[in-house]
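K.L.:
Take a look at this one; I'll ask things after.
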């Protein structure tokens, strides 16, 4: 899989490895406690800054491997099955659900539930067509690969390329708010899946990954901030995300530079700097994050 990813919306669960790709951190860096993001700063975000935010949501394949090591079973009950693409009328709902269903489709594919993924693909096609980006999906190929179960890598790469093109197209056409909604949708669904799993399968590494979402949540708020007063739907979403951020407020994340390691990249050996993170999060704080995430996600998928 390539190192630079926009967001593999069709791969599955999220994993934000905070010790990677961020210029915000250095030795013994402690993430600051910010309760809000100034709109003026959010409006200054460049394409490069948005790409950097996307890169900081690293490959969901990593968390899928983690869950498999933990022997976490697949749970169909976690999927957003209440979403009816044919009933959605606004571009806001279609874009947000496009991200949510993309995460669900990836969850299905990573557990090789490819038969069920065809139905989700059909919903994604309706939503993509609804916001005039359906031309970036080769749905027939995606369906064929989903049914065959034989070429997961190709399925992931084609899906990734489709969403990369959608993001660029929306931003080039001055529709960046829809791209921000897709990113938010995939993040909230990934956050939901992870927090639901941690209730049944508590694990220190998974717990830390949930805690580290404090950082990417701040980035998401920067993406959303310019649009929070566009309409009532955006205002409500921004308020919900701010509420979740408040639950993260007292969680402490410390980064420490580790020893460099030598890895192979494109046939050559390169030196890569490593970092380690330490998350200080109580059981009570985690419980509030789980409940708040659950409430936000279920609110979003019930608003059809």
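K.L.:
In the list 96, 127, which residue meets the criterion of being out of contact with any strand residue (DSSP E or B) (no Cβ under 8 Å at 6 or more places or on another chain), assigned to a helix (DSSP H, G or I), at negative phi and touching a residue at least 60 places away in the same chain (Cβ under 8 Å)?
P.N.:
Of 96, 127, the one residue that is out of contact with any strand residue (DSSP E or B) (no Cβ under 8 Å at 6 or more places or on another chain), assigned to a helix (DSSP H, G or I), at negative phi and touching a residue at least 60 places away in the same chain (Cβ under 8 Å) is 96.
K.L.:
While we're here: Exactly one condition in (1) in contact with a strand residue (DSSP E or B) (Cβ under 9 Å, 6 or more places away or on another chain); (2) more than 26 Å from residue 88 (Cβ to Cβ); (3) at pLDDT below 95 is not met by residue 251; state its number.
P.N.:
(3)
K.L.:
Any idea which of 204, 195 is free of Cβ contacts under 8 Å to residues at least 24 places away in the same chain and surrounded by fewer than 23 Cβ atoms within 10 Å (Cβ to Cβ)?
P.N.:
After ruling out the rest, the residue left standing is 204.
K.L.:
May I pose another question? Output yes when any residue across region 244-259 is closer than 21 Å to residue 80 by Cβ, outside any loop (DSSP other than H, G, I, E, B), touching a residue at least 24 places away in the same chain (Cβ under 8 Å) and in contact with a helix residue (DSSP H, G or I) (Cβ under 6 Å, 6 or more places away or on another chain), and no when none is.
P.N.:
Within region 244-259, one or more residues are closer than 21 Å to residue 80 by Cβ, outside any loop (DSSP other than H, G, I, E, B), touching a residue at least 24 places away in the same chain (Cβ under 8 Å) and in contact with a helix residue (DSSP H, G or I) (Cβ under 6 Å, 6 or more places away or on another chain).
K.L.:
Surrounded by 15 or more Cβ atoms within 10 Å (Cβ to Cβ), at pLDDT 90 or above and over 18 Å from residue 99 (Cβ atoms): which single residue out of 211, 130, 185 fits that description?
P.N.:
Criteria check complete, one pass: 211.
K.L.:
Another question about this same structure. Are any residues in region 56-89 touching a helix residue (DSSP H, G or I) at 6+ places or on another chain (Cβ under 7 Å), modelled with pLDDT of 85 or more, surrounded by 11 or more Cβ atoms within 10 Å (Cβ to Cβ) and not in a helix (DSSP H, G or I), and if so, which ones?
P.N.:
79, 80, 83, 88
K.L.:
Residue 243: surrounded by fewer than 18 Cβ atoms within 10 Å (Cβ to Cβ) and more than 17 Å from residue 292 (Cα to Cα), yes or no?
P.N.:
no
K.L.:
Taking region 225-239 as the search range and keeping residues that are in contact with a helix residue (DSSP H, G or I) (Cβ under 8 Å, 6 or more places away or on another chain), in a helix (DSSP H, G or I) and without any contact (Cβ under 8 Å) to a residue 60 or more places away in the chain, which one is surrounded by the most Cβ atoms within 10 Å (Cβ to Cβ)?
P.N.:
227
The values are calculated or read from the model by the stated rules, or taken from the named source; none is laboratory data. Since we're looking at a predicted model, the values are computed, not measured. Every residue, glycine as well, gets a Cβ built from its backbone with ideal geometry; the counts of neighbours run over all protein chains shown.
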